[in-house]
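Notes follow the structure.
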Amino acid sequence: MPEPEVLPLKVNLLSFEAAGRILLVDVSFSLHAGRPTCVVGPNGAGKSLLLRLCHGLLTPSGGSICWAEGTAEQHRRAQAMVFQRPVLLRRSVRANVEHALASRNISRAERIDRTDAVLEKTGLLDLAERNARVLSGGEQQRLALARVWALKPRVLFLDEPTAHLDPAATASVEEIINDIDSDGVRILMVSHDLGQVRRIADDILFLHNGCLVEHALVPDFLDSPGSELGTAFVEGRLLW
């Protein structure tokens, strides 16, 4: 039986409150099939929080997050998330990927095939037997991407996956993100690097103080923002 079509993902009047503070206010947008979308904004704007809500790690205080079709279990299996600092098992590179596949009840033969394929695509096959905890930061992030790519998600949430990497490691991770995008995975990614946004994304969600200020195509936002806040952000001015 074919998997249900989970897109578009519709976020409607999404709000989140914690410890008496309103952190996200009436955010609405739709995520259709297409190239990556980047979430940008100053620190504390609610970018990572938005991803965690969409991924189901947190429960909204208000509003809704609706997938097109399928059950809650099918929605869970259709998506994956990679964080700024990936959590890796105290096992080999290969075992980290195979463990994720085993959790989905993938057969042993298919686990081996998928693991070899994804490690080769991410440039990690030669490191397959190395302890994942001793990899460099860039290698660990590539492994985190390999692990979720092997699961064949339909939607992938990325929370600043290159935030702590040097330029060479950033380029390697960006190449993998582009390959995952070319594989038909819909990507919603938080980034603080506007150069990276221009290289990777098709459109932008610009957040400020928990509000969605602009949703625009990348060149439109970066070259001619539609709001004073957007202009200040692109120009690098401090925002509160």
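Computed values, structure above
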read-out	value
Strands (runs of 3 or more DSSP E) wholly inside the range 32-147 containing at least 3 residues that are surrounded by fewer than 18 Cβ atoms within 10 Å (Cβ to Cβ)	62-66
Selection count, the range 72-94, where residues are touching a residue at least 24 places away in the same chain (Cβ under 8 Å) and more than 14 Å from the chain's Cα centre (by Cα)	10
Test: residue in the range 214-226 that is touching a residue at least 40 places away in the same chain (Cβ under 8 Å), surrounded by 15 or more Cβ atoms within 10 Å (Cβ to Cβ), in contact with a Ser or Thr (Cβ under 7 Å, 6 or more places away or on another chain) and of a type outside the set (Gly, Ala, Ser)	no
Residue in the range 181-191 that is surrounded by the fewest Cβ atoms within 10 Å (Cβ to Cβ), counting only those that are in contact with a Pro (Cβ under 9 Å, 6 or more places away or on another chain) and not acidic (Asp, Glu)	185
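Just so you know, all these numbers are worked out from the coordinates, no wet-lab data involved. Predicted model only: the values in this text are computed from it and were never measured. When we count neighbours, we look across all protein chains shown, and the Cβ atoms used for this are built from the backbone with ideal geometry, even at glycine.
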